[in-house]
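Single-structure report; data block below.
Every number in this text was worked out from the coordinates using simple rules, so none of it is lab data. Owing to the predicted nature of the structure, the values given are computational and were not obtained by experimental measurement. As a convention, Cβ positions derive from the backbone with ideal geometry for all residues, glycine included, and neighbour counts pool all protein chains shown.
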Amino acid sequence: MEPNRVTDARATARAAQSDAALVQVRGLRTVLNGKTIFDGIDLDIPRGKITAIMGPSGTGKTTLLRHITGQLMPDAGQIHVDAVAQCAVRSAREDRFPVPELGAADRFQRL
């Protein structure tokens, strides 16, 4: 009996998707007010895992999250969330921030 090729192809596609990173950052370069924040950053955030972005104040944590959510466009590089380029998401939408669509937001504490 010959195996079902359609079922095998679907299983292969599901396995590839589950192994792929949810967020892929490639060659990220960001300059804000003349200060280089990121210069050639590559990062993969795995699907289905909890990932923390940690560092001292002023090291770019919030800037990175704003890039990932499409709130800020990089000077160079590419960011993909679930295989969709963030630049394409932002340019395809009339409103400026695709955050609700991605289910992400940031919150600041006031002391």
**Order by protection proxy (mean Cβ within 10 Å, highest first), peptides 44-54, 24-34, 73-83** = 73-83, 24-34, 44-54
**Fill in**
Plugging the Cβ-Cβ distance of ILE53 and ASP75 into 1/(1 + (r/R0)^6) at R0 = 30 Å yields, to the nearest 0.05, a FRET efficiency of 0.90
